[in-house]
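Student: My structure is below; once you've seen it, I'll send some questions.
The values are calculated or read from the model by the stated rules, or taken from the named source; none is laboratory data. Computed from a predicted model, the values in this text were never measured in an experiment. Using ideal geometry, Cβ is built from the backbone for each residue, glycine included, and neighbour counts are taken over all protein chains shown.
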Amino acid sequence: MKPFYPLVAAGLALAGCSEPPPPKPADTATRMEQAAKQMGEAARKGDAQKMGDAALQMGNALTDGTKTEPTDHRKLRTLLPESIAGLQRTSSEGQKTNVMGVASSKALGVYEDGKGARLELEIIDIGTFTGVAAMAFNWLNVEIDKEGDDGYERTSKIAGRKAYERYSRKQRAGELDVMVAGRFVVTARGTNLDMKTFRAAVDAIDLAKLDAMK
């Protein structure tokens, strides 16, 4: 009689192959919804511990569990130029925030010419572009090219980096976002300005130095 061990081994192998694959991890929206329900239930019961646990889960969903310490906003402020295309910097500020475990930092400069033109130049370090952070900057993953009588909206490349431009000719207002090093977003927005001024604002920042801060 032939040994039955090979048959047993083959049977076990087949049984292992027939096992269903492990479930896929829930997406960000699903995990956010689950955490929100848990937080609501804990709030109704007055359970502070479970409310804290739910808030932590929501924070993990926002970042896909990835934790990255943002750059000190004081360092970001040093990149703001004193003037841009005839506009003088009238104020600047920086801050760090942490909401439900999602940490970010930013520096903001305001520029004016005293004749109605106003520009805001902002540098944001979101730390990691995952979870809801990635959803907030969805232009990074799409191509846009719209134009009409009043203005346009399009994605483009500036110095080899993904950019998102919006401009209204009638209002002479617009906004330009540029992604740097996969974690920083440089934004120029303003009124009573030509689009070339927004580009000049981005060019006024040392993007290579910002890239090195990642």
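Student: Does THR191 satisfy the criteria of being of a type in the set (Ser, Thr, Tyr) and closer than 24 Å to GLU82 by Cα?
Tutor: yes
Student: Moving on. Would you check which residues across region 70-97 are β-branched (Val, Ile, Thr), modelled with pLDDT under 95 and surrounded by 16 or more Cβ atoms within 10 Å (Cβ to Cβ) and list them?
Tutor: Answer for region 70-97, where residues must be β-branched (Val, Ile, Thr), modelled with pLDDT under 95 and surrounded by 16 or more Cβ atoms within 10 Å (Cβ to Cβ): just THR71.
Student: Any chance region 75-86 includes a residue that's over 22 Å from ALA212 (Cα atoms), free of Cβ contacts under 8 Å to residues at least 40 places away in the same chain, touching a helix residue (DSSP H, G or I) at 6+ places or on another chain (Cβ under 9 Å) and not in a strand (DSSP E or B)?
Tutor: Looking for residues that are over 22 Å from ALA212 (Cα atoms), free of Cβ contacts under 8 Å to residues at least 40 places away in the same chain, touching a helix residue (DSSP H, G or I) at 6+ places or on another chain (Cβ under 9 Å) and not in a strand (DSSP E or B), one finds at least one in region 75-86, hence yes.
Student: Determine, yes or no, whether ALA188 is closer than 19 Å to LEU108 by Cα and over 17 Å from the mean Cα position of the chain (by Cα).
Tutor: Values: closer than 19 Å to LEU108 by Cα: yes; over 17 Å from the mean Cα position of the chain (by Cα): no.
When the stated conditions are applied, ALA188 does not pass them.
Student: Among the residues of region 166-176, write down those that are crowded, with 22+ Cβ neighbours inside 10 Å and touching a Leu at 6+ places or on another chain (Cβ under 9 Å). Quick ask: steps written out before the conclusion?
Tutor: Taking region 166-176 as the starting set, the residues that turn out to be crowded, with 22+ Cβ neighbours inside 10 Å are 174, 176.
Once the filter is applied, which keeps residues that are crowded, with 22+ Cβ neighbours inside 10 Å and touching a Leu at 6+ places or on another chain (Cβ under 9 Å), region 166-176 yields only GLY174.
Student: Can you tell me which residue within region 118-132, out of those that are more than 10 Å from ARG183 (Cβ to Cβ) and of a type in the set (Val, Ile, Thr), is modelled with the highest pLDDT? Spell out the reasoning first.
Tutor: Residues of region 118-132 that are more than 10 Å from ARG183 (Cβ to Cβ), as a first pass: 118-123, 130-132.
Add one more test, that the residue is of a type in the set (Val, Ile, Thr), and what stays is 123, 130, 132.
Numbers: ILE123: 97, THR130: 53, VAL132: 53.
Only one residue tops the list, namely ILE123.
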